[in-house]
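Colleague: Okay, here's the structure, questions in a sec.
Every number here is computed from the coordinates shown, using simple stated rules; none is lab data. The structure displayed is predicted, hence computed values, not measured ones. Positions of Cβ are generated from backbone atoms using ideal geometry, with glycine treated the same way; all protein chains shown enter the neighbour counts.
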Amino acid sequence: MIQQHGGNISQLNDVLDFSANINPLGAPDSVKKAVIDCVSAIERYPDPYSTELRKKLAEHEGVSAENIVCGNGADDLIFRIVNVLKPKKALVCAPTFTEYSRALTENGSEVHEHFLAEDNCFAMSESFLAELGGGFDMCFICTPNNPTGCLIAPDVLKKLARKCAEKGTILVCDECFLGFVEGAERYSLACFLNENCIILKAFTKLYAMAGIRLGYAVCGNRSVAGMIQKIGQFWSVSALAQRAGIAALSEDEYVRKSRAYISEERRFLAAEMSALGVKVFDSAANFLLLKSCAGLAEKMIAEGILIRDCSNFSGLSDGFYRVAVRTHDENIRLISALGRCING
């Protein structure tokens, strides 16, 4: 079963979903309470500028609120960024999140792909930097990358930010999964932020708020932030999403607990799948990319488990799959079903 994205289970009954990379600990209680307490606000239009949320985010990110734009998930912001800046020529990696190329293509951009090497575990190397001399207006990167889970080394990120500034290329860095990484701060583009940089983040994965839809962009150039703010929906962030985001930003202990839990369970899953003869790629995120036999996703559905068939990612082929890191009991169920599907 090939899906455009993970988490599409509305047509499936009694399925354990490993296709969507959501924090298995669930949304914090404070977030749920904030949504409940905000129900009366549905009678009024939300603040179109997310003023209070942006102020909280500014404190969290250590930048001015004028450099931050909030949106209806990171996906909304990807399309708004491309739509307002209208790059004629753009560079993306392969494999990576498909919405970058989709947004670029829909806006008439000429999209070039830099293929990451399987024998290098799909890590971004300085060969990506060499391609940036080709007159690109924009490039998209993702760290940890989706679907590989691979982090971009800080020295590569530093050189990339510097080269994009020199070449006048807008560098958009998707960090939606970086919150799961221990020592995340040193792997963030925020360390090397300049006026050509835009960082994308979302509450979707780390805070398990996929149904609320809330993301934000941190822009090195506040005039670019203003341009992104003015394009697209006027009321792009609901009142409920704004209150939920404000509550989530105070959940420091929840984040620490989530990182530790995911790290431990990711190691467990990787070891158990490797023992079954599955090729598992190193990941720093809350999911794992694996390589096994063709048709595995269909076999797993018969076992009541949905995994992400990655054969529709550019740069991957039949036999590549992505599985989320879930609770320990759920991970054991995945391993048991995987063993039956592979070994009969």
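Colleague: Under the definition of Cα pairs under 8 Å and six or more residues apart, what whole-number percent is the relative contact order of the chain?
Modeller: Result for the chain is 26 percent.
Colleague: Based on DSSP H runs of at least 4 residues, each adding -39500 (n - 2.57), what is the mean residue ellipticity at 222 nm of the chain after dividing by all its residues, to the nearest 500 deg cm²/dmol?
Modeller: -11000 deg cm²/dmol
Colleague: Which residue, ILE228, ALA247, SER292, has the largest displacement toward the positive end of the dipole of region 195-344 when charges sit on each Cβ (Lys, Arg +1; Asp, Glu -1)?
Modeller: Looking along the dipole axis, the top candidate is ILE228.
Colleague: If you don't mind, there's one more thing I want to ask. Considering the options GLY135, VAL156, PRO95, tell which one lies farthest towards the positive end of the dipole of region 29-248, charges being +1 on Lys and Arg and -1 on Asp and Glu at the Cβ, about the Cα centre.
Modeller: GLY135
Colleague: Please work out whether region 261-344 counts as rounded, prolate or oblate from its C-alpha gyration tensor, where a ≥ b ≥ c are the square roots of the eigenvalues and a/c under 1.5 means rounded, while otherwise a/b larger than b/c means prolate and anything else oblate?
Modeller: Taking the square roots of the gyration eigenvalues as a ≥ b ≥ c, region 261-344 is oblate.
Colleague: Continuing with the same structure: Under 20 Å from a point placed 7 Å out from the Cα of GLU43 along the Cα-to-Cβ direction: which residues of region 210-244 have their backbone N that close?
Modeller: 238-243
Colleague: Let me ask another. Out of region 118-218, which GluC sites (Glu not before Pro) are coil in DSSP terms and have no more than 16 other C-beta atoms within 10 Å?
Modeller: Those that pass, being in a loop and sparsely packed, are GLU126, GLU182, GLU195.
Colleague: I need the helices of the chain that pass two filters: whole DSSP H segments spanning 18 Å or more by Cα along the axis, and mean Kyte-Doolittle score no lower than -1.0.
Modeller: 154-167, 252-275, 328-343
Colleague: Using the C-alpha gyration tensor of region 1-151, what are the square roots of 5 times its eigenvalues, in whole angstrom, with the largest one first?
Modeller: Semi-axes from the Cα gyration tensor: 32, 24, 16 Å.
Colleague: Treating only the Cβ of Lys, Arg, Asp and Glu as charged (+1, +1, -1, -1), what charge dipole size does the chain show about its Cα centre? Round to the nearest 20 debye.
Modeller: Dipole magnitude for the chain comes out near 400 debye.
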